[in-house]
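Asks: One structure is given below, represented as structure tokens, and several questions about it will come after.
Values quoted throughout were computed directly from the atomic coordinates according to the rules given, and no laboratory measurement underlies them. Everything quoted here is computed from the prediction, not taken from an experiment. Note that each Cβ is placed from the backbone with ideal geometry, even for glycine, and that neighbours are counted across all protein chains shown.
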Amino acid sequence: MQSNTQQTNQNNVVQTGNITNAQGNVQPTETLVSGQQIGSTTQPIAITNIVDQKQLTPEEIKKQQEKKQLDEFLSKATDLEKKEKYGDAIQNYQEAHKLAIQIYGENHPHVADSNIKIGIIHALNKDNGKAKSFLEKGLEAKTARVGKLHPEVLDAYITIGNATFEKQGEFAQEYFKKAHQIVKDLIMEAHKRN
């Protein structure tokens with residue numbers, strides 16, 4: 001859903017974006033803002049999404065705002081990464097990382113992925129010490145959650161290798177070797193079961 005908040009009208013309805021229905025038609029989504037007059041401004045105390053008629057608490061509103069801000073940092077960081085402005089990309093990824101921890105908690109998969117992404121950007125920026133620190137932290141979190149011999153961990157090693165191969169071949173090779181070892185271990189484990 002694309003968010004493009006507009007001013008409220010007399011009925012306190014805000015168009016907050018568009019949603020595609022089951023028939024593929026794009027429809028605007030609207031949010032009803034209920035407020036309390038404090039001085040010359042109205043402070044929102046409840047927001048109802050008209051599409052699903054769900055009343056949001058102030059905590060849910062805050063979480064939605066944080067997730068929107070997280071998406072903005074990630075989008076900006078991705079754009080900067082594509083332009084090879086790695087220093088600026090790292091700053092935005094780190095801001096996104098802080099928000100991900102705040103929103104999801106330290107042990108969430110998004111936080112592990114965030115550590116890996118920051119590590120990859122440090123590697124592309126040829127700061128291998130910082131890169132390895134972030135990568136290992138992300139990989140440790142994934143391994144602790146799903147185990148070493150899991151496709152998610154294997155995919156993380158391959159992703160790191162692929163992302164860094166062009167600019168840091170030897171660095172990438174280390175992660176490809178670890179991915180290869182996981183594949184070998186998975187094959188050995190499968191043979192033991194049969």
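Asks: Pairs needed: first member in the range 141-164, on the phi > 0 side of the Ramachandran plot; second member anywhere, surrounded by 18 or more Cβ atoms within 10 Å (Cβ to Cβ) and part of a helix (DSSP H, G or I); C-beta distance under 9 Å; at least 6 residues apart or different chains.
Replies: Close Cβ pairs (under 9 Å, with a partner that is surrounded by 18 or more Cβ atoms within 10 Å (Cβ to Cβ) and part of a helix (DSSP H, G or I)) amount to GLY147/VAL153.
Asks: Any residue in the range 180-192 that is exposed (fewer than 14 other Cβ atoms within 10 Å of the Cβ), basic (Lys, Arg) and closer than 19 Å to GLN91 by Cβ?
Replies: The answer is no, given that none of the residues of the range 180-192 is exposed (fewer than 14 other Cβ atoms within 10 Å of the Cβ), basic (Lys, Arg) and closer than 19 Å to GLN91 by Cβ.
Asks: Now a separate question. Only one residue in LYS167, LYS142, LYS178, LYS148 is more than 20 Å from the chain's Cα centre (by Cα) and in a helix (DSSP H, G or I). Which one?
Replies: On the way: LYS167 fails: in a helix (DSSP H, G or I); LYS142 fails: more than 20 Å from the chain's Cα centre (by Cα); LYS148 fails: in a helix (DSSP H, G or I).
On inspection, the qualifying residue turns out to be LYS178.
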